[in-house]
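This is the structure I want to talk about, given as structure tokens.
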Amino acid sequence: MTTTITETSGVDPTPTPLALLLLGREADPNSERGVECPGDLPPASDPHLVERARAAKAALGDRVFILGHHYQRDEVIEFADVTGDSFKLARDAAARPEAEYIVFCGVHFMAESADILTTEAQQVVLPDLAAGCSMADMATAEQVAECWDVLADAGIADVTVPVSYMNSSADIKAFTGRHGGTICTSSNAKRALEWAYEQGEKVLFLPDQHLGRNTAVREMGFSLDDCVLYNPHKPNGGLTAEQLRNAKMILWRGHCSVHGRFSLDSVNDVRERIPGVTVLVHPECKHEVVAAADMVGSTEYIIKALDAAEPGSTWAIGTELNLVRRLAKAHPDKEIVFLDRTVCFCSTMNRIDLPHLVWTLESLVEGRVPNVISVDPETEKHAKAALDRMLALP
């Protein structure tokens with residue numbers, strides 16, 4: 001479904017190519033989803049939209065609850081009732097059963113998780129259906145089912161426990177639940193893996209290879225040789241049955257298109273440019289980047305680390321640009337820079353802009369509920385089983 005802004009007096013949006021791209025009406029065929037790095041963030045939206053957003057939100061009152069992911073633009077975060085990472089936001093939504101509408105300013109898999117955890121009486125809305133996640137899209141239900149068949153043929157499916165990152169579709173979470181596995185976040189991946197190895201001998205880690213590898217090697221003492229990479233685009237994942245039987249960690253060939261762009265050269269370059277800099281990166285970064293960094297942690301970890309940092313300290317942050325800029329603005333007493341010289345933001349996350357938010361809120365005021373994200377009951381049942389196992393982790 002293509003979203004549009006309802007025409008009202010006082011606003012005359014100009015349909016520039018950039019505006020059309022951001023509004024989901026056009027696409028850039030030369031870019032992988034989530035990888036565009038045009039050099040800077042798009043300009044702020046029409047200031048008249050700020051007034052419209054305030055008016056619509058006030059009209060809806062407690063009927064609407066707006067969630068804003070850390071990677072959203074400032075103009076969207078301004079209207080969020082709560083901010084956080086994907087799982088925190090889904091749980092916050094579940095804790096507000098009185099809200100009829102949950103407007104999730106994030107990406108598709110996040111809205112799915114919110115729908116799974118909220119009540120039947122609530123409706124979860126994604127302001128732009130084109131706001132997807134390149135990582136989540138790297139593992140489809142059909143591909144993962146075929147992978148499980150490969151593991152069965154190798155004689156190891158019955159001793160393999162799936163662990164899926166929160167950044168995955170509802171279908172993948174449901175697969176995980178059906179096969180006795182659990183979900184993890186970047187904060188609790190180690191605990192989830194420890195639990196999985198108490199249930200079986202091997203783990204199939206979906207869909208982010210880097211989080212799985214970094215957790216296994218950095219935090220659990222595995223070697224790189226204990227990990228194999230399953231490529232869904234190759235026969236049998238590009239692996240022999242012997243390789244699968246010898247592996248402890250079977251990593252899915254997926255990655256975050258933003259975190260995956262950081263390189264060892266990025267780390268070396270920033271150390272040369274800024275003596276004494278502390279390099280802090282997200283565990284979705286490549287293993288060589290994580291190994292070269294001073295500190296590694298989830299989005300929430302990064303925020304807390306900078307909150308606690310000494311005034312005058314210097315930091316290079318390897319995560320999404322919107323968050324890095326917000327942190328730099330919040331800590332003027334510290335020097336905070338983006339790890340890579342090339343400015344890069346999550347373009348699919350940035351599809352949720354103020355025009356889309358205004359259109360969504362005004363639609364709700366008029367009694368129309370756009371872009372509802374609804375997970376079917378069977379998928380929801382199994383996905384929730386996997387999420388519940390995570391919530392039960394010590």
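Tell me, what is the per residue accessible area of the chain in Å², probe radius 1.4 Å? Write down the numbers at each step before the final one.
Values: 16270 Å² over 394 residues.
Heavy-atom SASA per residue in the chain reads 41 Å².
Of Ser168, Leu193, Leu321, whose Cα points farthest to the positive end of the dipole of the chain (charges on the beta-carbon: +1 Lys, Arg; -1 Asp, Glu; origin at the Cα centre)?
Toward the positive end, the furthest listed residue is Leu193.
Leu264 to Glu378: extension gain in nm, 0.36 nm per residue of separation minus the Cα-Cα distance? Don't skip to the end; give the middle numbers.
Numbers: separation 114, 0.36 × 114 = 41.04 nm, distance 4.36 nm.
So the extension gain works out to 36.7 nm.
Still on this structure, please answer the following. Separation between the Asp307 and Gln199 pseudo-spin-labels, each 7 Å from Cα along Cα→Cβ, expressed in nm?
Spacing of the two 7 Å Cα→Cβ label points: 3.2 nm.
Shifting gears a bit: What value, in deg cm²/dmol to 500, does the helix sum -39500 (n - 2.57) over DSSP H runs of n ≥ 4 give at 222 nm once divided by the residues of the chain? Spell out each step's value before the answer.
Values: 16 runs with 151 residues, N = 394.
Result for the chain: -11000 deg cm²/dmol, rounded to the nearest 500.
Using a 10 angstrom Cβ neighbour count of at most 16 plus a DSSP loop assignment to flag exposed GluC sites (Glu not before Pro), which longest range of the chain is free of such sites?
Working: sites that count: Glu7, Glu26, Glu32, Glu78, Glu98, Glu100, Glu120, Glu201, Glu366.
So the longest stretch without any such site is 202-365.
While we're on this one: Would you kindly find the accessible area of Cys105, with a 1.4 Å probe and non-protein molecules such as ligands, DNA and RNA excluded, rounding to the nearest 10 Å²?
Surface open to solvent at Cys105 totals about 0 Å².
Once you keep just the Cα pairs under 8 angstrom separated by 6 or more residues, what percentage relative contact order results for the stretch 63-166? Intermediate values should be presented prior to the final figure.
Numbers: 139 pairs, mean separation 23.4, N = 104.
Computed value for the stretch 63-166: 22 percent relative contact order.
Between Asp149 and Glu272, what is the label-point separation in nm under the 7 Å Cα-to-beta-carbon projection?
Reported label-point gap for Glu272 and Asp149 is 5.0 nm.
Okay, next question. In whole angstrom, how far apart do the alpha carbon centroids of the stretch 278-348 and the stretch 120-154 sit?
Answer, in whole Å: 28.
Is there a quick way to get the dipole size of the chain? I mean about its Cα centre, with the Cβ of Lys and Arg at +1 and of Asp and Glu at -1; what is the value in debye to the nearest 20? Walk me through the intermediate numbers first.
Working: 36 positive and 57 negative charges, 113 e Å.
Roughly 540 debye for the chain.
While we're on this one: With the cut-off at 18 Å, tell me which of the pairs Lys57/Lys329; Lys202/Lys234; Lys173/Lys286; Lys173/Lys381; Lys248/Lys381; Lys202/Lys286 have Cα atoms farther apart than that. Spell out each step's value before the answer.
Working: Lys57/Lys329 26 Å; Lys202/Lys234 21 Å; Lys173/Lys286 24 Å; Lys173/Lys381 10 Å; Lys248/Lys381 29 Å; Lys202/Lys286 22 Å.
Listed pairs above 18 Å: Lys57/Lys329; Lys202/Lys234; Lys173/Lys286; Lys248/Lys381; Lys202/Lys286.
If I compute solvent accessible area with a 1.4 Å probe over the protein chains, what percent of it on the chain is carbon and sulfur? Show your work: numbers first, answer last.
Working: 8070 of 16270 Å².
The C+S portion of the solvent-accessible surface of the chain is 50 percent.
Normalised by the number of residues in the chain, what is the relative contact order in percent for Cα pairs under 8 Å and 6+ residues apart?
Relative contact order of the chain: 24 percent.
Follow-up question, since we're still on this one. Under 5 Å between amide H atoms, partner at least 5 residues away or on a different chain: which partners does Ile336 have, H built in plane at 1.01 Å?
Excluding prolines and chain starts, which carry no amide H, the hits are Trp315.
Between Glu242 and Glu51, what length in nm is gained on full extension when 0.36 nm per residue of separation is reduced by their alpha carbon distance? Let's see the in-between values first.
On the way: separation 191, 0.36 × 191 = 68.76 nm, distance 6.26 nm.
Full extension from Glu242 to Glu51 adds 62.5 nm.
Along Cα→Cβ, 7 Å out, is where each label goes; now give me the distance between the ones at Ala392 and Glu78 in nm to one decimal.
According to this spin-label approximation, the distance is 4.6 nm.
Turning to a different aspect of this structure: Determine the shape class of the stretch 253-320: with a ≥ b ≥ c the square roots of the Cα gyration tensor eigenvalues, call it rounded for a/c under 1.5, and otherwise prolate if a/b is greater than b/c, oblate otherwise.
Values: a/c = 2.42, a/b = 1.28, b/c = 1.89.
Oblate.
The values are calculated or read from the model by the stated rules, or taken from the named source; none is laboratory data. Just so it is clear, the model here is predicted, and its values are computed rather than measured. Neighbour counts are summed over all protein chains in view; Cβ atoms, including those assigned to glycine, are modelled from backbone coordinates with ideal geometry. Areas reflect the complete protein model, heavy atoms only, side chains present, ligands, DNA and RNA absent. Shrake-Rupley method; radii C 1.70, N 1.55, O 1.52, S 1.80 Å.
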